[in-house]
Amino acid sequence: MDTARTVNKKADIKDEQGGVKVPRRLESFLIELAELWLFFVRFIKEFFNPRGYDLNEFLRQCYLVGLHTLALVGITGFIMGLVLTLQSRPIMIQFGAEAMLPSMVSISIVREIGPVITALICAGKIGSGMGAELGSMKVTEQIDAMEVSGTNPYKYLVTHRVLATTLMIPLLVVYSDAISMVGSYVGVNIEGKISPILFFDQAFRALRFADIFPAFIKTFFFGFAIGLIGCYKGFVAEKGTEGVGKSANSAVVVSSLAIFLIDMVAVQITTTYFL
C-alpha cells in the first residue's frame, strides 16, 4: 500500500505533458495574490479618476472607522502602557535605571508597540467589518444591482473605505500612543510617586525625529492594507452565509499578516536610513 501511494504521489506531480504540476495550495495562493494585485491596480485607477467621489460617503466612513474604534483603541492603549510599565519596572530597578523608565516606555510605545498593536486591533475590528459588510452585499447581489443601475460599485464601496482607513488609522495610533503614556504614568505612580510634569518631560525628551516620523508614516500603509484587504475579501466572497463568515475571518488573518510584513520592511528602512 505504501509503495502504491508513493507511486501515485509521484504520478500526480507530473501533468499530461510531462511538466511539473504546481501544488494546489501554492496555486491558489498565487492566484489570490494576482487577484489582489489587480484589485490594487483598479483602486489606483479609480483613485486618480476624479469622477464619482462622494464627500458625504467618505466622511461617513471616516466617522464609522474612527468613532466606532475609539473606545477599543483607548482601552487597549491604556492597558498596554500600564502593563509595559509594571513589567519593566522591576528589571529597571535591578540595573539601577528606574529613572529611565519613562524614556524607555515612550520610545517602545511610539516606535513599535503602539502602531503595531493598534493596527492589529483595527484589523480585527475594521477589516472584519468591511469583509462581512461587502461580503453580504456580494452574496445578496446588491453589488450586481449597483452595476446594473449605472453606479460604479468599486468607486462607491471600495475607494471611500480604503481612503478612510488610510486617513483614520494614523490618527487612532496617535490617540493610542497618548493614552498609553497616561497608562504608563499611572503604572509608575502605583509603586512610586512622580509628578506628571517630570514624567512627560522625561518621556518626550527621549524621543527623536527618527523615532516619531518613520513610526507615523508606516501607519498610513497599515491603514491602506487593512482597508484594501478587507474590501477585497468582501468583493470575492462566495455565495451563502458561510462565505460571508469566511471573508470576515480571512480579512483579519491576511490584514494581520500584511501589517507584520509592512512593519518588517519599515524597520529595515528605518534602521538603514534614520538610525
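The values are calculated or read from the model by the stated rules, or taken from the named source; none is laboratory data. Just so it is clear, the structure is predicted and the values come from calculations on it, not from any experiment. All Cβ positions, glycine included, derive from the backbone under ideal geometry; neighbour counts span all protein chains shown. Just so you know, the surface numbers come from the protein's heavy atoms only, side chains and all, with ligands and any DNA or RNA stripped out. Shrake-Rupley method; radii C 1.70, N 1.55, O 1.52, S 1.80 Å.
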Q. Are there any helices (runs of 4 or more DSSP H) wholly within region 155-252 with 3 or more residues that are among the aromatic types (Phe, Trp, Tyr), and if so which?
A. 196-205, 209-235
Q | Failed item in (1) surrounded by fewer than 19 Cβ atoms within 10 Å (Cβ to Cβ); (2) touching a residue at least 12 places away in the same chain (Cβ under 8 Å), with Gln142 passing the rest | A | (2)
Q: Would you be able to tell me the number of residues in region 165-188 that are open to solvent by 50 Å² or more (accessible area, probe 1.4 Å) and either in contact with a strand residue (DSSP E or B) (Cβ under 8 Å, 6 or more places away or on another chain) or polar (S, T, N, Q) (or both)?
A: 0
Q. Taking region 76-97, which residues are open to solvent by 10 Å² or more (accessible area, probe 1.4 Å) and touching a residue at least 24 places away in the same chain (Cβ under 8 Å)?
A. Thr76, Phe78, Ile79, Met80, Leu82, Val83, Leu84, Leu86, Arg89
Q. Going through region 104-130 one residue at a time, which ones are open to solvent by 30 Å² or more (accessible area, probe 1.4 Å) and over 25 Å from Ser247 (Cβ atoms)?
A. Met104, Ile107, Ser108, Arg111, Glu112, Ile113
Q | Search result, residues across region 37-74 that are farther than 30 Å from Ile179 by Cβ, at pLDDT below 90 and surrounded by 12 or more Cβ atoms within 10 Å (Cβ to Cβ) | A | Asn49, Gly52, Tyr53, Asp54
Q. Cβ-Cβ below 6 Å, separation at least six or inter-chain, first residue in region 9-36 and assigned to a helix (DSSP H, G or I), second at pLDDT below 85 and surrounded by 11 or more Cβ atoms within 10 Å (Cβ to Cβ): which pairs?
A. Ile13/Lys21
Q: Could you please let me know if Met146 is in contact with a Pro (Cβ under 6 Å, 6 or more places away or on another chain) and more than 16 Å from Lys233 (Cα to Cα)?
A: yes
Q | Options Gly74, Gly52, Gly96; residue that is outside any helix (DSSP H, G or I) and under 30 Å from Phe199 (Cβ atoms) | A | Gly96
